[in-house]
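Visitor: Here it is: the structure, laid out below.
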Amino acid sequence: MSGFAGFAYQFLPYAGALLCVAIAVFGSLRRHRVSPYALFLAGMILLAAEAVCTGRLVNAVAPNDALAWIRIRFIVTAALAGTWLFFSLIYSRSNYREYLDRWKWVVACAYMAPGIIAIFFNDSMTHDILYAGQASLMVVRLTTYGYV
């Protein structure tokens, strides 16, 4: 790709990461001691980390570099589901502690299941990677673990 499209394709993930950090900072300026805001901050930082991994993946020059960033991105992404579920369960609820008592096992599974798969089966998540010299033409084939 050339021109503006190539520029946007390479730097858009980094712009997304900067926006996530800016929103996290803006959101943490008020009431930072309350649990929902801490979870919002964590979720936005995780989204920024995922965007940086995507940017590094898009700008990878070799298949091994791309595969390494895909694996790191799997681990970061595994933490997103639990964080946003946890946030959504306690946001705007005055009785969120009682509510969490009923949902604690679901939240624990939302963290543990993707985390265990992303950490312990990380090498088994991708079947192979078809790399044609540039990241925009790359195809990653996932295994069953990758889909889960």
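The values are calculated or read from the model by the stated rules, or taken from the named source; none is laboratory data. Note that the structure is predicted; figures quoted are calculated from it, not measured. Accessible surface is based on the protein model in full, side chains and every heavy atom, while ligands, DNA and RNA are left aside. Shrake-Rupley method; radii C 1.70, N 1.55, O 1.52, S 1.80 Å.
Visitor: For the Cα atoms of the chain, what angle does the longest principal axis make with the long axis of helix 63-90, in degrees from 0 to 90, nearest 10?
Guide: Roughly 20 degrees between the two axes.
Visitor: Another one. Could you look at region 30-75 and say what percent of its accessible area is carbon and sulfur, using a 1.4 Å probe and all protein chains?
Guide: Its accessible area is 62 percent carbon and sulfur atoms.
Visitor: Have a look at region 22-103 and give its Rg and Dmax from the Cα atoms, expressed in angstrom.
Guide: 15.9, 51
Visitor: If you look at just the Cα atoms of region 78-148, how large are its Rg and its Dmax in Å?
Guide: Cα-based Rg and Dmax for region 78-148 come out at 17.3, 54 Å.
Visitor: Could I ask something else about it? Suppose a student asked you for the relative contact order of the chain, using Cα pairs under 8 Å spaced at least 6 residues apart; what percent would you report?
Guide: 20 percent
Visitor: Might you tell me the accessible area per residue for region 1-130, computed with a 1.4 Å probe and given in Å²?
Guide: Ligands and nucleic acids excluded, the result is 62 Å² per residue.
Visitor: Here is a further query. Can you show me the helix-derived [θ] at 222 nm for the chain, built from DSSP H runs with n ≥ 4 at -39,500 (n - 2.57) apiece and divided by the number of residues, rounded to the nearest 500.
Guide: Here the helix-only value at 222 nm equals -25000 deg cm²/dmol.
Visitor: Mind listing P(r) for the chain? All alpha-carbon pairs, 5 Å bins, whole percents.
Guide: Result, from short to long distances: 2, 9, 15, 17, 16, 15, 11, 7, 5, 2, 1, 0 percent.
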